[in-house]
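Here it is: the structure, laid out below.
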Amino acid sequence: MNKEIIAKAEEIINSKTGYIEDGMGGYAALALIDENGYPTVSTLTIAKADGIKWITFCTSPDRNSVKRASKCNRASVCINSNEYNITLVGTIELVTDSAVKKDMWLPTMDDGAHWSGPDDPNFCVLKFTTERYSLFVGYEDAEGKMEDI
């Protein structure tokens, strides 16, 4: 049963990646710990994902989410609607590797609104890696640890 719910959750996440044709992709709430030890939540567009295994967000190094992730790598991601709630808990890391940045760069980002390209020093990637999950999809629940999948 868990495998079916996980597969549905992965399908939902994968359908929300990238900046799709209407200019916006799906959003996720990213929870991080702030400088005072309190949880804070930001809503970010999902760049790419591998189902529930990992999710990336494209952002700028000066954003609060990047600063918080650099100080404490514990994080949670939530993607939800009236039909589902996908909550993932794990770690987050700042990725500045040129090859990864090029891989995460999406054609719709070429409009220059935020960055000049994947080599722009103001462009970086946050990569969230799941350690455990709690899923409610199609009125069915599943929870567990990634190591058990």
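Looking at segment 43-71, which of the residues that are of a type in the set (S, T, Y) and in contact with a Phe, Trp or Tyr (Cβ under 9 Å, 6 or more places away or on another chain) is farthest from T87 (Cα to Cα)?
S60
Before we move on, is R132 basic (K, R), farther than 22 Å from N14 by Cα and out of contact with any Pro (no Cβ under 8 Å at 6 or more places or on another chain)?
It is false that R132 is basic (K, R), farther than 22 Å from N14 by Cα and out of contact with any Pro (no Cβ under 8 Å at 6 or more places or on another chain).
Anything in segment 78-118 that is of a type in the set (V, I, T) and within 27 Å of E131 (Cβ to Cβ)? List them, or say none.
Answer for segment 78-118, where residues must be of a type in the set (V, I, T) and within 27 Å of E131 (Cβ to Cβ): I79, I86, T87, V89, T91, I92, V95, T96, V100.
When segment 119-137 is examined, which residues are found to be under 18 Å from the mean Cα position of the chain (by Cα) and either buried (at least 18 other Cβ atoms within 10 Å of the Cβ) or closer than 15 Å to I46 by Cβ (or both)?
Across segment 119-137, the qualifying residues are F123, C124, V125, L126, K127, F128, T129, T130, Y133, L135.
Now for a different question. Name the residue, out of V100, V41, that is among the aliphatic types (A, V, I, L, M), modelled with pLDDT under 95, over 10 Å from the mean Cα position of the chain (by Cα) and surrounded by fewer than 17 Cβ atoms within 10 Å (Cβ to Cβ).
V100
The values are calculated or read from the model by the stated rules, or taken from the named source; none is laboratory data. Bear in mind the structure is a predicted one, so any value in this text is a computation, not a measurement. Heads up, the Cβs are rebuilt from the backbone with ideal geometry, glycines too, and the neighbour counts pull from every protein chain shown.
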